[in-house]
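Enquirer: Just passing along the structure, written as structure tokens.
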Amino acid sequence: MVKKRYLTKPPLHGYEGFKWKQHHIIRCGGRMAKVLVVDDEPDVLEVLRKVLDKHGYETVAAASGEEALEKIGEARPDAVVLDIMMPDLDGWEVSKRIRESKETGDLPIVMLSVLSEKRDRNTSFEYAGADWHVSTPFDTDDLFFILDLAVSGERGQKLENKIWNAIKRDRHMAKILDMINPKILEHDYSFLKK
């Protein structure tokens with residue numbers, strides 16, 4: 001039985017007047033959004049699970065790339081938060097395999113890594129097919145905003161509208177554009193990064 005949690009403070013980044021918890025329940029067919037969290041560092045994995053659980057997500061943990069691929073079939077998550085540097089199978093390879101599968105090919109993938117160079121983001125997007133690349137350390141508000149977008153299932157114009165509205169409310173949100181795979185946007189917003 002999943003314990004439902006409700007937030008006591010207003011949601012982040014432009015969801016004013018919007019009940020965050022209801023958003024996830026509606027999106028996921030009457031249940032909490034489920035996120036598979038993958039990291040080979042036990043401490044990082046535990047912190048991510050606790051933070052996401054507290055924010056209203058149901059989490060499933062995997063400590064390796066191979067375990068992640070097994071748990072995707074069992075758990076049927078709504079999104080995956082995936083570390084890149086793991087010993088058995090790196091996150092890029094896991095992401096690529098997720099994309100190649102008919103059952104999981106559309107699953108939102110958020111790469112979460114200390115790798116922060118442009119070439120690393122490009123590898124996440126071009127080689128691995130990830131939707132997002134978040135470099136650590138990161139702002140938890142940004143991660144929640146990204147996960148909210150990821151589990152919404154929206155692409156193209158609807159996704160762009162949500163991002164654009166967040167940027168209009170809070171200019172620092174333009175940094176989110178560096179974290180998103182340009183292929184899931186319809187327009188070039190590079191001018192906003194300046």
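No value in this document is a laboratory result; all are computed from the given coordinates. For clarity, every value in this text was computed on a predicted model and none was experimentally measured. Don't worry about glycine lacking a Cβ; one is built from the backbone with ideal geometry, like all the others, and counts go over all protein chains shown.
Enquirer: In region 79-172, what trypsin sites (Lys or Arg not before Pro) fall in a loop by DSSP, with at most 16 other Cβ atoms inside 10 Å? Please report the intermediate quantities before stating the final value.
Expert: Details: sites: Lys96, Arg97, Arg99, Lys102, Lys118, Arg119, Arg121, Arg155, Lys158, Lys162, Lys168, Arg169, Arg171; in loops: Lys102, Arg155.
Here the sparse-neighbourhood loop sites are Lys102, Arg155.
Enquirer: Same structure again: Say each of Ser101 and Val44 gets a label point 7 Å from the Cα, pointing the same way as Cα to Cβ; how far apart are those two points in nm?
Expert: About 2.2 nm separates the two model spin labels.
Enquirer: So if R0 is 25 Å, what FRET efficiency would Asn165 and Lys54 give, r being the distance between their Cβ atoms, rounded to the nearest 0.05?
Expert: E between Asn165 and Lys54, to the nearest 0.05, is 0.50.
Enquirer: Please compare each pair in Lys50/Lys183; Lys34/Lys118; Lys50/Lys71; Lys54/Lys96; Lys54/Lys168 to a cut-off of 25 Å on the Cα-Cα distance and tell me which ones are over it.
Expert: Working: Lys50/Lys183 31 Å; Lys34/Lys118 29 Å; Lys50/Lys71 19 Å; Lys54/Lys96 29 Å; Lys54/Lys168 28 Å.
Too far apart for the 25 Å limit: Lys50/Lys183; Lys34/Lys118; Lys54/Lys96; Lys54/Lys168.
Enquirer: Next question. Check Ile180: other-chain or 5+ apart residues with amide H under 5 Å from its amide H, H built from backbone geometry?
Expert: Answer set, sorted by chain and number: His133.
Enquirer: Give me the one-decimal nm value for the distance between modelled label points at Glu70 and Lys118, 7 Å along each residue's Cα-to-Cβ direction.
Expert: Once both label points are built, they end up 4.1 nm from each other.
Enquirer: Among 45-53, 74-82, 135-143, how do they line up by average Cβ neighbours within 10 Å per residue, starting with the highest?
Expert: Numbers: 45-53: 16.2, 74-82: 21.8, 135-143: 14.2.
Ranked from most to least packed, the peptides come out as 74-82, 45-53, 135-143.
Enquirer: While we're looking at this one, here's another question. Loop only per DSSP, at most 15 neighbouring Cβ atoms within 10 Å: give me the GluC sites (Glu not before Pro) in region 86-140, ordered by residue number.
Expert: Glu103, Glu117
Enquirer: Determine the shape class of region 32-143: with a ≥ b ≥ c the square roots of the Cα gyration tensor eigenvalues, call it rounded for a/c under 1.5, and otherwise prolate if a/b is greater than b/c, oblate otherwise. Write down the numbers at each step before the final one.
Expert: Working: a/c = 1.40, a/b = 1.07, b/c = 1.31.
Because its axes are fairly even, with a/c under 1.5, region 32-143 counts as rounded.
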